[in-house]
């Protein structure tokens, strides 16, 4: 069995944003030499997500507006802010969008349907944060 | 290490529906000959889900009503529709329900609790779509 | 390839609660002898979750209040209750929080960011229930 590990670093200049990381994950897979297995990609921070959806800016605007409605930014509104934080909403938004994806690796490629792309979802940005790529297989 | 891959195809005749795919995943596992490992099942489309819950029609009705409330079908209401699509709600519903499940394989069986069943969740049906089963182990 | 399996049992004395299970999962990993691979932790019940977030009581209060708003406890309000159950809300809450996490194993450790901790999320407690830890690798 082979394994491969790499961290991907980000510094999103705004509080919230989506970054298409599919090319970086594909580069990891090529570097791993793994042809058959599973590829885990997860946010290493609890106010960020890794998720799979469409690379379409209108849809990303819909996600932004929808998440703001389900879990609004509110510096006064969360018990978590007693610790001095102001990012309670980011923990909830990341919960909706998910921490991780697991992608099949087949014939040395990410085994994707026609529109699947991997995104890093930032909900408390303006600082350096990271995701983990771990691939196992042979 | 052994690996196994198969696509499961669906054509749900309505816009939305849930299909119990547990027997098909069990058949994949039997065909794989894998006794110990992990089984990934994921939607290959970004307007569909694979999730684990109860095989109870009343609960499925509750999911339907709840998702419609959290992410309503609305041909006018999403920025995504500027592309000509009308399925913005389906991308959001799938996000709530999840893209994938990872199931332990133990002794040649899906290692499930008493009520766990795997469902394909369709949110933009009336056309042929598919899920992926990838199993690794030995 | 090595594999390891263990069930973790809980009896949360209230209907809802969060239990930090990181030390138990770390003990499983140590017992497995696996240094590189993947660790799956999933609820075996469909009214409970396993998720990763911050070990901060204020945030847990925020999760509780937020979930109650998105999927309220309501003995009269769910079709699922025609079966005699009163836990329809618990199925929906678990869907938001997720069934499972997959964690990378690197150098014999759970490969975590600075604040990641694993929680069992109970939404229909006051009885014995369990989660599954399955680790594969070498």
Quiz item: In this structure, does residue B:63 turn out to be in a strand (DSSP E or B), at pLDDT 95 or above, closer than 28 Å to residue A:60 by Cβ and touching a strand residue (DSSP E or B) at 6+ places or on another chain (Cβ under 9 Å)?
Solution: no
Quiz item: Quick one: how many residues across the stretch B:28-53 are more than 10 Å from every other protein chain (Cβ to nearest Cβ) and in a loop (DSSP other than H, G, I, E, B)?
Solution: 2
Self-check item: Subset of the stretch C:54-67 (residues that are in contact (Cβ under 8 Å) with a residue 24 or more places away in the chain, closer than 23 Å to residue B:66 by Cβ and within 8 Å of another protein chain (Cβ to nearest Cβ))
Solution: C:63
Self-check item: Single unsatisfied condition, residue B:55 versus (1) at positive phi; (2) in contact with a strand residue (DSSP E or B) (Cβ under 6 Å, 6 or more places away or on another chain)
Solution: (1)
Practice problem: State yes or no: is residue B:42 within 30 Å of residue A:136 (Cβ to Cβ), surrounded by 20 or more Cβ atoms within 10 Å (Cβ to Cβ) and either without any contact (Cβ under 8 Å) to a residue 12 or more places away in the chain or in contact with a strand residue (DSSP E or B) (Cβ under 8 Å, 6 or more places away or on another chain) (or both)? | Solution: yes
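The values are calculated or read from the model by the stated rules, or taken from the named source; none is laboratory data. Just so you know, these numbers come straight off a predicted model, no measurement behind them. Heads up, the Cβs are rebuilt from the backbone with ideal geometry, glycines too, and the neighbour counts pull from every protein chain shown.
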